[in-house]
1. Quickly run through the stretch 11-27 and pick out the residues that are touching a Ser or Thr at 6+ places or on another chain (Cβ under 9 Å) and assigned to a helix (DSSP H, G or I).
2. Give the residue that is nearest to Ser268 (Cα to Cα), with candidates limited to residues of the stretch 380-424 that are without any contact (Cβ under 8 Å) to a residue 24 or more places away in the chain and not in a loop (DSSP other than H, G, I, E, B).
3. Would it be correct to say that Ala349 is closer than 22 Å to Leu176 by Cβ and either more than 17 Å from the chain's Cα centre (by Cα) or in a helix (DSSP H, G or I) (or both)?
4. Among (1) modelled with pLDDT under 95; (2) under 21 Å from Thr136 (Cα atoms), there is one condition Ala320 misses while meeting the rest; what is its number?
5. In this structure, is Thr315 in contact with a Phe, Trp or Tyr (Cβ under 6 Å, 6 or more places away or on another chain) and under 24 Å from Thr136 (Cα atoms)?
6. When only residues in the stretch 188-214 that are among the polar types (S, T, N, Q) and under 12 Å from Ser168 (Cα atoms) count, which is most open to solvent (accessible area, probe 1.4 Å)?
7. What's the number of the only condition in (1) surrounded by fewer than 17 Cβ atoms within 10 Å (Cβ to Cβ); (2) of a type in the set (A, V, I, L, M, F, W, C); (3) in a helix (DSSP H, G or I) that Ala365 fails to meet?
8. Would you please name the residue that is nearest to the chain's Cα centre (by Cα), looking only at residues in the stretch 174-187 that are loosely packed, with under 12 Cβ neighbours inside 10 Å and farther than 15 Å from Ala238 by Cα?
Amino acid sequence: MIGVQQALPLILTGKSLRAKQARKLGIVDDAVPQAILLETAIARVKKGKTSGRLLPLRDRLLHGPVARQALFALATRQTAAKTQGNYPAAKRIIEVVRIGLEQGSRAGHEAEARAFGELAMTSESVALRGLFFATTAMKKEPGGDATPRPVRSIGILGGGLMGGGIASVSAINAGLPVRIKDISLEGVNHALKTSWDLLSKKVKRRQITPAQRQQQMARITGGIDYQGFARRDVVIEAVFEDLTLKQQMVREIESHCQPQTIFASNTSSLPIEEIAAGAQRPENVIGLHYFSPVDKMPLVEVIPHLNTSGETLVTIVALARSQGKTPIVVADQPGFYVNRILAPYINEAMRCLLEGEPIEHIDRALVKFGFPVGPLQLLDEVGIDVGSKISPILQQAFGERFAAPAAFEAVLKDGRKGRKNRKGFYRYDQPRWQRKKPDASLYALLNITPQARQSEAQIAERCVMMMLNEAARCLDEQVIRCARDGDIGAVFGIGFPPFLGGPFHYMEQLGAVEQVNRLTRLMQQHGDRFAPCEALIKAAAE
């Protein structure tokens, strides 16, 4: 209907189109109000004006063998760059479309049926279907047996990057009135600008009208005191990672809000039990860990402490869903789940760097494995300073296997925080359209000469096996409720390769014996931090 040049990107990405876009491309004949849909369709049929439009000249020219060959070569290159060869369906799609064009629709349909049947039996298909059914099942789970309270309005403490993002998803996705409190009006304005920018993008894409933008912005207000907080059902705290400050926030909310107001702390590492220490109503205190950027990352960790009430838990799970998030309930242990499995993965990447492996070589190895970005680029995005605060907490709780490499301290002392201050592992002084380049001055700072000595597969194995070993510990210690939650948490929280189905699905495919063998070999090569955990040793023995 629209020619291979227009069709192929849609087929390869599964992209959805708005009605006006579909009409402009020629996929639909018209887009009309529902009230006149049948009437318009009948009129068009009677006039004989449906489908079969003549393709533009450039698309008819693409039916020539040379032009078609060039188009498919380009599509193959672009697809390989995006999938890293990890998604076999993309390659088969190109083959099938080519057969249909060159040998006719009957041959194309036969090739498509065969390809679909073969792809449905692959390990990638099994993994992706598993994730689909897991997320579908989780949407029906309330998180506990209690009845959730209605949430009619919420308060946000802190107007920074996280506070602004939480305010946005609460007002835009959940449709709730939001009141922001910050120590300065500048912080409040920053949070308001976050929502304005997100809504403006929707206006630009014609997803909403300017009037709808104003209507949604009207749900968010702010100030530098607790005016407007008295009747908030939930208050989400997004202040600095400082235990004393967070405990002070609990006291202030208890004195300014209703007795039943829930206090949810957006902390990435501090124990919720300690935040609730000294609270008059600890049953109302819970952890709610969002990931940055809040508007894009689909996961939240919901962290009840020992005294959190069942009603508080199910209310917060329901609130997270209304914000468009996928919540997983995790235990109140240092690092919770996602940061606990992420820390050893990033630490291992840092050790590879200290051994002289080039920055881009390390990141490319993990992207090729299937992660959306490499560990060092991820650290730049999250904030090197933020990452450095988590390791000491984990080391204190779990021992030397969480000890951060010395490089962390040297990088921080040099004032490198990552993207936020445009100084990290990568350079940020280049145009956006250019591919990021590593900051070569970092090598001199760390006193290393960069040279790729290990293969991409070796680097990926080191980082990933550290993550898998820690994930197995988390399940054994009941940090997560089940392996399914661990898979969803890793895929949605840190971009663990979806085609592998998550760490637990991947471990099941590898088998416990193979995992123990790999970890033992890595332990002999690189040290005791690779020692296989008891749960894996037991599983291998059985």
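The values are calculated or read from the model by the stated rules, or taken from the named source; none is laboratory data. All figures in this text were calculated on a predicted structure; none of them were measured in a lab. FYI the Cβ positions are ideal-geometry reconstructions off the backbone, even for glycines, and counts take in every protein chain you see. Surface areas here come from the heavy atoms of the whole protein model, side chains and all, with no ligands, DNA or RNA. Shrake-Rupley method; radii C 1.70, N 1.55, O 1.52, S 1.80 Å.
1. Restricting attention to the stretch 11-27, the residues satisfying the condition of being touching a Ser or Thr at 6+ places or on another chain (Cβ under 9 Å) are 12, 26.
Result: Leu12, single match.
2. Looking at residues that are without any contact (Cβ under 8 Å) to a residue 24 or more places away in the chain and not in a loop (DSSP other than H, G, I, E, B), I get Pro392.
3. Considered against the rule, which asks whether it is closer than 22 Å to Leu176 by Cβ and either more than 17 Å from the chain's Cα centre (by Cα) or in a helix (DSSP H, G or I) (or both), Ala349 comes out as no.
4. (1)
5. So Thr315 fails the test.
6. Here the residue is Thr194.
7. With (1) surrounded by fewer than 17 Cβ atoms within 10 Å (Cβ to Cβ); (2) of a type in the set (A, V, I, L, M, F, W, C); (3) in a helix (DSSP H, G or I) applied to Ala365, the lone miss is (1).
8. In this case the residue turns out to be Gly175.
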